[in-house]
Structure formats: C-alpha cells, structure tokens
Amino acid sequence: MGLEDWLGNDFISTRVKDLLAWGRKNSLWPMPFGTACCAIELMATMSSRYDMARFGAEVVRFSPRQSDLLIVGGRVTLKMMPVLQRIWQQMPEPKWSISMGACASCGGVFDTYTMIQGVDQFIPIDVYIPGCPPRPENLIDAVRLIQEKVGKTEIQKLIDERTGIDHLARLEAMDRRKQEANA
C-alpha cells in the first residue's frame, strides 16, 4: 500500500505560502482613481469585451480599506494629491499601484504649476502604463505584471520594507527570550 492508494488520485501537494501567493495574485481588488480620458479606458477594460474577470481583478472597490491595487489614471492636480495620498495610506498592506497614462506618469502635455508631474513623487508606483490614453490591452498587461510581482513577493518582507518595522527579527528575538526563560 503506497501513499497514492491512501491519498487517491485527486490529491495535490504544495507549500502553504505558495497556495496563499496563488490566491493573492488571482484576486486583486482594484481601487480606481481615474480622471479624464484614462478613466474611460479603465471602464472599457472592465467591460465584457476585455473582461478583467479572467485575471481575477473584476471586484472594483471604491473603498480604499477593501482594495489592494490602486490604479491612478489621468491628470492629478495639486488639490487632488492629498486625497490620493490619503487613499494610499488607508489601503491595507500588501498593496500595489499602477500609474495609467502619460498624465499620471509624467504630467503629459499639461506642464503647468497646478498639475503633478508624475504621481511617483508622492506614492510608490509598481507599474507604469504609457500612452495617451493607454489602450485597455495595456492595462491588462499591467495587471498581469502586478500578478507576477505578487506571486513572487514574500509578503512579510514587503510589509517590513514599507513600514520600516522588522517583524521577523522581532518575532525571532521573542522566541529566543522564551527559549532562554524555559531553559
């Protein structure tokens, strides 16, 4: 009697962290921050023709506390930037971001004192989408790049880097203290 007989034919083995990474990468919940024409292309990407549901990103949330992917599309002004920063801060870790279009990435043709010349000056951006406006296919490619990044990322290390608190070292120190107290 081998292991195959005991487990049957419908058994899959994997590591728990790999299973969690697979689930995380295939269930992105985007938070759209769209202005102008890029928001229209974002809406087109969610339509049935392009079907973002194939990539697990169809659950668009308009609450930052329920989303893990921020999609910034279009022009961002000085007055809007504090709102965008607040949205980014309210999103739970781990979180990712996409800068969609020339205006969000580098200011586009709007080189004025009121326009932000790239949102990466204020929030971290993981993927940039070029174009004015970018096509829905470009947004799908960006989501796939985010999925690859999510699948490869060790979440605790990412959270430690972004928060500046080394939780793993703290947990190891607590374990050493417990072992010393028990010895």
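Here, each number is a calculation from the coordinates, and none is a lab measurement. Because the structure is a prediction, the values reported are computed rather than measured. Neighbour counts are summed over all protein chains in view; Cβ atoms, including those assigned to glycine, are modelled from backbone coordinates with ideal geometry.
Looking at Asp126, is it under 16 Å from Asp68 (Cβ atoms) and surrounded by 15 or more Cβ atoms within 10 Å (Cβ to Cβ)?
The answer is yes for Asp126.
Quick one: in segment 32-70, which of the residues that are touching a residue at least 60 places away in the same chain (Cβ under 8 Å) and touching a Phe, Trp or Tyr at 6+ places or on another chain (Cβ under 7 Å) is farthest from Phe110 (Cα to Cα)?
Looking at the filtered set, the residue picked out is Leu69.
Being over 20 Å from the mean Cα position of the chain (by Cα) and either among the aromatic types (Phe, Trp, Tyr) or exposed (fewer than 15 other Cβ atoms within 10 Å of the Cβ) (or both) is the filter here, so list the residues in segment 132-158 that pass it.
Scanning segment 132-158 gives a single hit, Cys132.
Looking at Glu172, Glu161, which one is under 20 Å from the mean Cα position of the chain (by Cα) and free of Cβ contacts under 8 Å to residues at least 12 places away in the same chain? Show your work before the answer.
Working: Glu172 fails: under 20 Å from the mean Cα position of the chain (by Cα).
From the options Glu172, Glu161, the qualifying one is Glu161.
Tell me which residues, restricted to segment 154-172, are more than 18 Å from Gln89 (Cα to Cα) and part of a loop (DSSP other than H, G, I, E, B).
Glu154, Asp166
Just to verify a result, which residue in segment 71-92, among those that are touching an Asp or Glu at 6+ places or on another chain (Cβ under 8 Å) and touching a residue at least 40 places away in the same chain (Cβ under 8 Å), is nearest to Pro130 (Cα to Cα)?
Step one: list which residues in segment 71-92 are touching an Asp or Glu at 6+ places or on another chain (Cβ under 8 Å), which gives 73, 91-92.
Imposing the further condition that a residue be touching a residue at least 40 places away in the same chain (Cβ under 8 Å) reduces the set to 73, 91.
Details: Gly73: 11, Met91: 25 Å.
Looking at the filtered set, the residue picked out is Gly73.
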